[in-house]
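J.: Mind looking over this structure? Questions follow.
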Amino acid sequence: MHTNALPPGLEKATVIPRDEHSVSRRHISENALSVLRKLDDAGYQGYLVGGGVRDLLLGKRPKDFDIATDATPEELRSLFRNSRIIGRRFKIVHLRYGREIIEATTFRAPHDVNVELGENSSRRGIRHLDSAHSTAGMILRDNVYGNVDEDALRRDFTVNALYYTTTNFSILDFSTGMQDLKNRKIRMIGDPEARYKEDPVRMLRALRFSAKLDFDIEEKTLAPINELAYLLESISPARLFDETIKLLASGQAEATWELLRKYQPGNYLFAPTLRALLTPFRGREQAAELLQLALRNTDNRLADGKSVTPAFLYAALLWPVIQLKLALHPLPKLNPGQQLNAAANSAIAEQLTYTSIPKRFTQVSKEIWELQARLEQRNRRAVEGVFEHPRFRAAYDFLLLREEGGENLGGIGAWWTEFQEAGEDEREALLDQLPREQRPRRKTRRRKPQS
Ligand code: ATP
Ligand code: MG
């Protein structure tokens, strides 16, 4: 199926041959390589693109491998048995290899092609690539397919638009990706303002990549983001939740948080927390410090190859909001547990007006908070109950962060550490040393029989 003619669009690329870049096949997942091989064998173009190429050029290990191809989603479906089409507005094909998922996308053409298609189908950008598969891959409403050069210019930042091919191991650059990578700059492709209006989430992506890669955001790319941040209001809470997790699980949560505090887009994800951090109340410093430590902890865990859960992150993110509510709006008719519960529910409800959070996570955050009071109780029954709780470990970690953040809890964290590290006999001894359990006094006396 191969023709000698260059596929259309390739002539627009700056080609960086193998001996002039550092991407090596050895660092690319076997599965991604096999996808590229299979596409090539079937007569399609296939490139590694996005974070995979960018991170390899930076000597980092990519989180995942994305592939761009001229094969349509339907063609990918029939070529790969392990494939699934995801999304309707923007079709992506997931190729599953055990735990690894390779994302394949068909070359996109510029958005305005949609408009052009209306009356006069000039068909710019949707002409097809070679006769072998010219019938498929046409227009499916918002899925307008194009050539590789058009695909490159539809991407967000120049460093995300580098294409690596295994046919001759060169890299194709259609913008200024290589140069910006060298100068460590996040630069929007095209007119930043227009591109943010097309998809406001790109503002969050700019901040994310800046923190994650320790790159500066190029001046014109940065300039509109405070003014245009409000556009994030039009993004679904579910997408904003996904983006939140990417922001905080990037391995640079602390640096990312700095940027989210500094620039307006942060207010469209974390307004309740950011507001609480600016409101004076008793306990603010400690809550702020706990959050800071939780973010640092997250980065350290990821660096050690450990997992992080959104539940723990939200437990820390909403802690300042809860503490503010408890300090400024106490509900004296409720007992402390009920007060915490009320503050927690209201903090979650407020957060949900910005981003969704799946219930399975908020449920666990609430358990982490509720367990705090129980961890502080020192009697045998409470200790045994808490220790067996499925969220014990998360709640204990949270308790340590509270103390480390400056809350004085009378050394209870150290006690729990000792308790966990102790053997069975030592544990018994520790339990024996606890003060006797105080029986709660009956509040309502039995009514005296009426005389
Ligand atoms: P990560 O390391 O987080 O995976 P990534 O750059 O690979 O970073 P993805 O979200 O996996 O980011 O997207 C893959 C590629 O798709 C990006 O590199 C970019 O080229 C393109 N892309 C993703 N989201 C957008 C968007 N909102 N607008 C334009 N292009 C995008
Ligand atoms: Mg990626």
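Every number here is computed from the coordinates shown, using simple stated rules; none is lab data. Bear in mind the structure is a predicted one, so any value in this text is a computation, not a measurement. Here Cβ is always computed from backbone atoms with ideal geometry, including for glycine, and neighbour counts include all displayed protein chains.
J.: Give me Rg over Rh for the stretch 242-380, both radii from the alpha carbons and Rh done the Kirkwood way, two decimal places.
T.: Details: Rg = 14.9 Å, Rh = 15.5 Å.
Taking Rg over the Kirkwood Rh, I get 0.96.
J.: At 37 °C and a viscosity of 0.692 mPa s, what translational diffusion coefficient does Stokes-Einstein give for the stretch 175-322, taking Rh as the Kirkwood radius over Cα pairs? Give it in µm²/s as a whole number. Write out the running numbers ahead of the final one.
T.: Details: Rh = 16.1 Å.
Answer, rounded: 204 µm²/s.
J.: Efficiency by 1/(1 + (r/R0)^6): what FRET value for Gln292 and Asp432, r their Cβ-Cβ distance, R0 = 25 Å, to the nearest 0.05?
T.: Numbers: r = 38 Å, r/R0 = 1.52.
In this case the efficiency is close to 0.05.
J.: Hey, another quick one. Taking 26 Å as the cut-off for C-alpha to C-alpha distance, list the pairs among Lys91/Lys246; Lys182/Lys306; Lys38/Lys306; Lys182/Lys220; Lys63/Lys182; Lys91/Lys306 that go past it. Before the final figure, lay out each step's value.
T.: Working: Lys91/Lys246 20 Å; Lys182/Lys306 31 Å; Lys38/Lys306 33 Å; Lys182/Lys220 18 Å; Lys63/Lys182 21 Å; Lys91/Lys306 32 Å.
Too far apart for the 26 Å limit: Lys182/Lys306; Lys38/Lys306; Lys91/Lys306.
J.: Here is a further query. As a check on your grasp of the helix formula, calculate [θ] at 222 nm for the chain: sum -39500 (n - 2.57) over DSSP H runs of n ≥ 4, divide by the residue count, round to the nearest 500. Mind dumping the intermediate values first?
T.: Working: 21 runs with 221 residues, N = 451.
Taking each H run of at least 4 residues, the total per residue is -14500 deg cm²/dmol.
J.: The chain: longest stretch without exposed chymotrypsin sites (Phe, Trp or Tyr not before Pro) (DSSP loop, at most 16 other Cβ within 10 Å), sites themselves excluded?
T.: Numbers: sites that count: Phe90, Phe169, Phe281.
Result, exposed sites excluded: 282-451.
J.: Then there is this: Taking amide H positions as placed in the peptide plane 1.01 Å from N, state which residues far from Val144 in sequence (5 or more) or on other chains have amide H under 5 Å from it.
T.: For Val144, the qualifying residues are Ala109.
J.: Still on this structure, I have one more. Note down, for the chain, the three equivalent ellipsoid semi-axes (square root of 5 times each alpha carbon gyration tensor eigenvalue), biggest first, whole angstrom. Mind showing how you got there, number by number?
T.: Working: eigenvalues 550, 114, 87 Å².
Computed over the chain, the values are 52, 24, 21 Å.
J.: For the stretch 253-326, what is the convex hull (Cα atoms) projected area averaged across all directions, in square nanometres? Show your work: numbers first, answer last.
T.: Values: hull surface 19.2 nm².
For the stretch 253-326, the mean projected area of the Cα convex hull comes to 4.8 nm².
J.: Using only alpha-carbon positions, what ratio does the radius of gyration of the stretch 292-450 give when scaled by 2.2 N^0.38 Å? Show your work: numbers first, answer last.
T.: Values: Rg = 18.1 Å, N = 159, 2.2 N^0.38 = 15.1 Å.
Compactness ratio reported: 1.20.
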